[in-house]
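Engineer: The following block contains the structure, expressed as structure tokens.
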Amino acid sequence: MATFLFDKIVFGPVKSRRLGVSLGINLSPVAGKWCNFDCVYCECGLNAQNPAGSNKIPKREEVSEALEMKLKEMQEEGSVPDVITFAGNGEPTMHPHFASIIDDTIKLRDAYCKSAAISVLSNSTMLHKPAVVEALKKVEQNIMKLDSGIEETILRINQPSGRYAVVDVIENLKQFDGQLILQTMFTRGHVNGLWIDNTTEADLAAWEEAVRKIRPRQVMIYTIDRDTPFEGLKKVPVQELRIIAARIKDLGFKVSVSG
Ligand code: SF4
């Protein structure tokens, strides 16, 4: 199916289902995917389908210059983003200068659009690095992925490229003392002849237990919205997402649903 790569360092603004008017920052190469996950639902396609090849990740200065230029342009037009979002063609926290880029972004946001929040959409795999955790603590919306509490399901859905241990990721997420947003994509379907489903009772029970341990200030649950690399993957009906959300609300957590 037709997946999509961002062709700029700074893109948009776009209207996001979950975040409002969002100006995006892509810390991955502009013409290739660069992620240590290969989620079966990734809108950028699979790493092998869109290899970064010789395309380089942007330098810290290039990110700062591109963002300042766009914010100046928006200021002249009298428009302001609700949010500046680190997303794009891969995992932003893999960038070796992620922490410095966050500092630069905070300065530019304060200079050009003080009311905008800064969001980072992350797959939660780089939290063994103290500098990444400290940088994520500085932004208003650190939105961290956990698609199941069961490791086998995560290995099937997110297809990590290196070692992955869900117990370690949950421990790392506890470092935020609840000052994080947990994001979970629910989906199911056949992928290369394998049935994938993170909505089973066993998955939901393990995920609820993880939410209890992590204590996020908010949980965002959603399902696929655009084309994914596999046609067999299906949306989870919004009514079902609301039932899942109610379970988390009953535990005392704030939940948002995007169907
Ligand atoms: S973590 Fe994000 S960028 Fe990486 S494969 Fe998954 S959806 Fe794609």
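The values are calculated or read from the model by the stated rules, or taken from the named source; none is laboratory data. For clarity, every value in this text was computed on a predicted model and none was experimentally measured. Every residue, glycine as well, gets a Cβ built from its backbone with ideal geometry; the counts of neighbours run over all protein chains shown.
Yes/no per residue for (1) part of a loop (DSSP other than H, G, I, E, B); (2) within 15 Å of the ligand (Cβ to nearest atom):
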residue: 101; (1), (2): no, no
residue: 104; (1), (2): no, no
residue: 107; (1), (2): no, no
residue: 119; (1), (2): no, yes
residue: 125; (1), (2): yes, yes
residue: 134; (1), (2): no, no
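Engineer: Which residues, taken from the range 183-198, are hydrophobic (A, V, I, L, M, F, W, C) and within 14 Å of the ligand (Cβ to nearest atom)?
Structural biologist: Across the range 183-198, the qualifying residues are 185, 186, 191, 196.
Engineer: So which of 55, 47, 36 is more than 21 Å from residue 142 (Cα to Cα), touching an Asp or Glu at 6+ places or on another chain (Cβ under 9 Å) and of a type outside the set (Gly, Ala, Ser)?
Structural biologist: 47
Engineer: Given the criteria crowded, with 18+ Cβ neighbours inside 10 Å, at positive phi and under 18 Å from the mean Cα position of the chain (by Cα), does residue 183 qualify? Before you say what the answer is, go through the steps one by one.
Structural biologist: Values: crowded, with 18+ Cβ neighbours inside 10 Å: yes; at positive phi: no; under 18 Å from the mean Cα position of the chain (by Cα): yes.
Spelling it out, it is not the case that residue 183 is crowded, with 18+ Cβ neighbours inside 10 Å, at positive phi and under 18 Å from the mean Cα position of the chain (by Cα).
Engineer: Also, I was wondering about something else. What do you reckon, is residue 27 surrounded by fewer than 21 Cβ atoms within 10 Å (Cβ to Cβ) and within 16 Å of the ligand (Cβ to nearest atom)?
Structural biologist: Numbers: surrounded by fewer than 21 Cβ atoms within 10 Å (Cβ to Cβ): no; within 16 Å of the ligand (Cβ to nearest atom): yes.
It is false that residue 27 is surrounded by fewer than 21 Cβ atoms within 10 Å (Cβ to Cβ) and within 16 Å of the ligand (Cβ to nearest atom).
Engineer: Do the conditions hold for residue 57, that is, is it of a type in the set (Val, Ile, Thr), surrounded by 14 or more Cβ atoms within 10 Å (Cβ to Cβ) and either within 11 Å of the ligand (Cβ to nearest atom) or within 28 Å of residue 258 (Cα to Cα) (or both)?
Structural biologist: no
Engineer: Mind listing just one residue for me: the one in the range 143-166 that is more than 12 Å from residue 124 (Cα to Cα) and among the aliphatic types (A, V, I, L, M) and, of those, nearest to the ligand (Cβ to nearest atom)?
Structural biologist: 157
Engineer: For residue 93, indicate whether it is within 13 Å of the ligand (Cβ to nearest atom), in a helix (DSSP H, G or I) and out of contact with any Asp or Glu (no Cβ under 7 Å at 6 or more places or on another chain).
Structural biologist: For residue 93, the condition - within 13 Å of the ligand (Cβ to nearest atom), in a helix (DSSP H, G or I) and out of contact with any Asp or Glu (no Cβ under 7 Å at 6 or more places or on another chain) - is met.
Engineer: Exactly one condition in (1) more than 8 Å from the ligand (Cβ to nearest atom); (2) surrounded by fewer than 21 Cβ atoms within 10 Å (Cβ to Cβ) is not met by residue 36; state its number.
Structural biologist: (1)
Engineer: Shifting gears a bit: Can you pull out the residues in the range 224-248 that are touching a Gly at 6+ places or on another chain (Cβ under 6 Å) and either without any contact (Cβ under 8 Å) to a residue 60 or more places away in the chain or closer than 30 Å to residue 137 by Cα (or both)? Explain how you work it out, then say what you get.
Structural biologist: Looking only at the range 224-248, we keep the residues that are touching a Gly at 6+ places or on another chain (Cβ under 6 Å), and these are 229, 232-234, 238, 241.
232, 234, 238, 241 - these are the residues of the range 224-248 that are touching a Gly at 6+ places or on another chain (Cβ under 6 Å) and either without any contact (Cβ under 8 Å) to a residue 60 or more places away in the chain or closer than 30 Å to residue 137 by Cα (or both).
Engineer: Would you be able to tell me the number of residues in the range 1-51 that are part of a strand (DSSP E or B) and in contact with a strand residue (DSSP E or B) (Cβ under 7 Å, 6 or more places away or on another chain)?
Structural biologist: 16
Engineer: From the list 157, 118, exactly one residue is β-branched (Val, Ile, Thr), surrounded by fewer than 22 Cβ atoms within 10 Å (Cβ to Cβ) and modelled with pLDDT of 95 or more. Which is it?
Structural biologist: Going through 157, 118 in turn, the sole match is 118.
Per-residue answers, yes or no, for (1) touching a residue at least 40 places away in the same chain (Cβ under 8 Å); (2) of a type in the set (D, E, K, R):
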position: 94; (1), (2): yes, no
position: 113; (1), (2): yes, no
position: 118; (1), (2): no, no
position: 122; (1), (2): no, no
position: 130; (1), (2): no, no
position: 152; (1), (2): no, yes
position: 158; (1), (2): yes, no
position: 162; (1), (2): yes, no
